[in-house]
Amino acid sequence: MAEQQHHSDEGEVHAHISPTTTYIGIFVALVVLTVLTYAVSFVHLGRTNLLVAVVIATIKASLVVLFFMHLKYDSRFNSVVFLGSLLFLAIFLGYTLNDTDQRGEFGEYGRRVLTSTGEWAPGGLPLEPKPGAQNTDAAGAGAIERGKEGPEATMNQPAEAEGAEPAVAGDAGAKAVTDSDAGEESAAQRADEATGEALEDEPNEAAKAKPSAAQGTANTAADPASNEADPAAADAQDPAADE
Amino acid sequence: MATASEAAETEHEHHGPKWLQHHFDTPVQQFDAAKLGMWTFLAQEVLFFSGLFVAYGVYRSWYPEVFSIGSHLLDKNLGALNTIVLLFSSLTAALAVRSAQVGERKKTSIYLIVTIVCAFAFLVVKYFEYSHKIHVGLLPGNFWHADPAHLGMPANAVLPANLHVFFGIYFMMTGVHGLHVVIGIGVMIWILIRNMRGDFDQKFFTPVDLTALYWHLVDLIWIYLFPLLYLID
């Protein structure tokens, strides 16, 4: 049926009507892009695979939004609303990933080591002792000395804390989260050893890390980490089974 | 059609046809308001799903090997099939709106029925996917009880420690999406009934339009879910 033309309408709706061939053409393009993204997934491009997949998905999404959802022919403000939601999605995703990617594994004195580069993660306590402070703890002084040499020097050091439970090797994927004040040096060293062993191990090994749970210093953030590791702990040695 | 609106106009006199609500002056004002309201809702839906997508992003960046292996445990052929099914259903939804715009009531009904059938087909494929995973124990969180032998791997193969995290995210994302498909089916059946009842014509097709917009969004979400979950290298 042909579109009727109104000249004396009283606020009649004149929505743009796309021809059937346009819709079918867009559908064909979408199928082609689906086949393309499926085919590309068999090619090993490493990190680029994700980028290619997202780019193709965005092209498909744009076709659906512009033509199937008529946003191209609609009032401009509807586009503003939709693009606004994408803007906030981008902020949410961008800021969160930026933050979580810069969290490292637990290292010396509450400083975390980025597992990807082996460097100190941003933040954490300073390595240098406060001016005028007397450090009589042999383990602590040694730790500061080793810390100056960088993260590698602090790995694989035996735990020097007394009366503390032996540390359990932590899976590189399992996040061991603990508060680490200056007074918690023994906890730091046990967790450090755990991290040191974990970094040597295959990331696939199932394990659980609960260095300070017994000392009651585990904060609430530790619970999701240990709950996460719980079902996967196939061969974890856990003397500190207090949960 | 003509008689209904004429009868209504004698009742409502200077206001307009029966579908023109009293707080709107003209049909185009009502239509624009309805569209804007729907786009605002769709913007909310994007933000609604964004929580799950950000969770995906964070956990994938933390456990890339877990996501790679988890993705290989999904059936990408079924995922691709579901993608084509949803894309086709989006086409038929758009054609349903077009038919309503030109006043072809029967075609609108047919396209709506085809869209609903495609939606059910999507759910059937999901049923097969889910039941297989439940059978072999690829379940989220504490319900995890998979072992390599049942997954076609050598018995001494070691699965990554946090694989249940991947499946938690998989079930949440596809599950919430599937819930939206079910809701979409319900809404489409209702609009189909209304169309068969003669509620819509060339001058008033807004509910069909808005329903199709919702369905396109469901398709949009899947367009991203498919490569992100099924096509990880």
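So if I take the centroid of the Cα atoms in segment B:104-165 and the same for segment A:56-91, what is the distance between those two points in Å? So the separation of the two Cα centres works out to 29 Å. Our summary gives chain B a relative contact order of 28 percent, counting only alpha carbon pairs under 8 angstrom and 6 or more residues apart. Around the Cα centre of segment B:21-104, unit charges on the Cβ atoms of Lys, Arg, Asp and Glu (plus for the first two, minus for the last two) sum to a dipole of about 160 debye. Checking the a/c ratio against 1.5 first, then a/b against b/c, what shape does the Cα gyration tensor give for segment A:2-95? Since a/c reaches 1.5 but b/c is at least a/b, the shape of segment A:2-95 is classed as oblate. Magnitude of the charge dipole for chain B, about its Cα centre and with charges confined to Cβ atoms of Lys, Arg (+1) and Asp, Glu (-1), is about 420 debye. Comparing B:TYR224, B:LEU159, B:VAL176 along the charge dipole axis of segment B:144-233, the residue lying farthest to the positive side is B:VAL176, per the Cβ-charge model.
Partner shielding of B:225-233 amounts to 6, given as the average count of beta-carbon atoms from other chains within 10 Å of each residue beta-carbon. The Cα atoms of chain B define a convex hull whose projected area, averaged across directions, is 14.2 nm². For segment B:113-201, the relative contact order works out to 28 percent when only alpha carbon pairs closer than 8 Å and six or more residues apart are counted. 3J(HN,Hα) along segment B:140-149: x, x, 5, 8, 5, 8, 7, 9, x, 4 Hz, from the Karplus curve 6.51 cos²θ - 1.76 cosθ + 1.60 with θ = phi - 60°, whole Hz, x for Gly and Pro. Each label point was placed 7 Å from the Cα along the Cα-to-Cβ direction; for B:VAL182 and A:PHE77 their separation is 3.6 nm.
For chain B, the mean residue ellipticity at 222 nm estimated from helices alone is -25500 deg cm²/dmol, where every DSSP H run of n ≥ 4 contributes -39500 (n - 2.57) and the total is divided by all residues, rounded to the nearest 500.
Here, each number is a calculation from the coordinates, and none is a lab measurement. If you're wondering where the values come from, they're calculated on a predicted model, not measured in any experiment. Ideal geometry is used to build each Cβ from the backbone, glycine not excepted, and the neighbour counts take in all protein chains shown.
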